[in-house]
Amino acid sequence: DESSASADKPRILLMGLRRSGKSSIQKIWDFPGQVDFFDPAFDSEMIFKGAGALIFVIDAQDDYMEALVRLHLTVSRAYKVNPDINFEVFIHKVDGLSDDHKIETQRDIHQRANDDLADASLEKVHLSFYLTSIYDHSIFEAFSKVVQKLIPQLPTLENLLNIFISHSGIEKAFLFDVVSKIYIATDSSPVDMQSYELCCDMIDVVIDVSCIYGLMEDGSGCAYDKESLAIIKLNNTTVLYLKEVTKFLALVCILREESFERKGLIEYNFHCFRKAIHEVFEVGASTPSDVQNPASS
Ligand code: GDP
């Protein structure tokens, strides 16, 4: 029974007009959930009930009046079935727009969408807006934020990251899902796009190098495992530090070269951080051999 199997995990739905960019977004990582509202088999009751978030994609390079009508229809229908859904609007394909045009488009779409909701006495419904493109990291950044809202442990993760960086002299830290390159949490200092892109690029480099050189001759082995660790020194005295946290998650940090001189401290703090993360997700609970025991003498 599919509905009971998916009942406990938050589901993200991806909707929007044809050619708005849904398939392209979906290709970037592996997630099910594209639904066609106008498919006759569409059962709004069933689909919206289990959803945690509904992403509605609007093509910013095209006339978006029809998309706004569809957005309103979709949101009002979904809200009736499930008022707890997070409504996330991706103003997409903004790579073709100038910065001024981007801001103006977002303002206009925001205004019109909220006016439509107010006209329908649905001003309680909250829409979040993101400017996205598949040609840069904005789509990952937006998706990260959508996912983060669905993670109940988020405040705990942020807190652990804050403690870790402040005790280790680290400037910025992200907890990344290695496969999708979505960060599920970061410390509370502001995220700038450049740092985020650096960290994404580092994951790519580490996985690529591991795939080429890390596998055994017989093809066994894994591109990402418990031993995964990488340090990249950039020529501007910045250091990037990546380390495995769980099977799916990696910590990626940005720090200054002088802070990295206290590598032992960072390693010790990382060890504590990793242990805490495992407790949050209760991973390793069934595999006690994974837990490193402190010396008992
Ligand atoms: P779907 O019908 O909603 O699944 O839309 P597609 O993913 O098939 O995309 C429709 C067209 O938009 C394709 O030609 C894509 O290459 C293009 N497209 C998708 N995302 C972007 C983007 O971020 N920027 C630009 N410029 N084009 C995009």
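The values are calculated or read from the model by the stated rules, or taken from the named source; none is laboratory data. Quick caveat, the model's predicted, so the values are computed rather than measured. Virtual Cβ from ideal backbone geometry, glycine too; neighbours counted across all protein chains shown. Only protein heavy atoms, including side chains, enter the accessible area calculation; ligands, DNA and RNA are left aside. Shrake-Rupley method; radii C 1.70, N 1.55, O 1.52, S 1.80 Å.
Observations on the model:
- For the stretch 49-173, the solvent-accessible area with a 1.4 angstrom probe is 47 square angstrom per residue.
- Alpha carbon convex hull of the stretch 145-261, volume per residue in cubic angstrom: 113 Å³
- Listed residues Arg19, Arg107, Arg11, Arg77 arranged by accessible area, highest first, probe 1.4 Å: Arg19, Arg107, Arg77, Arg11
- Average projected area [Cα convex hull, the stretch 80-194], square nanometres: 9.1 nm²
- Point-charge dipole on Cβ atoms (K/R +1, D/E -1) for the stretch 60-150, about Cα centre, debye to 20: 460 debye
- The figure for Cys272 is an accessible area of roughly 60 square angstrom, using a 1.4 Å probe on the protein chains alone.
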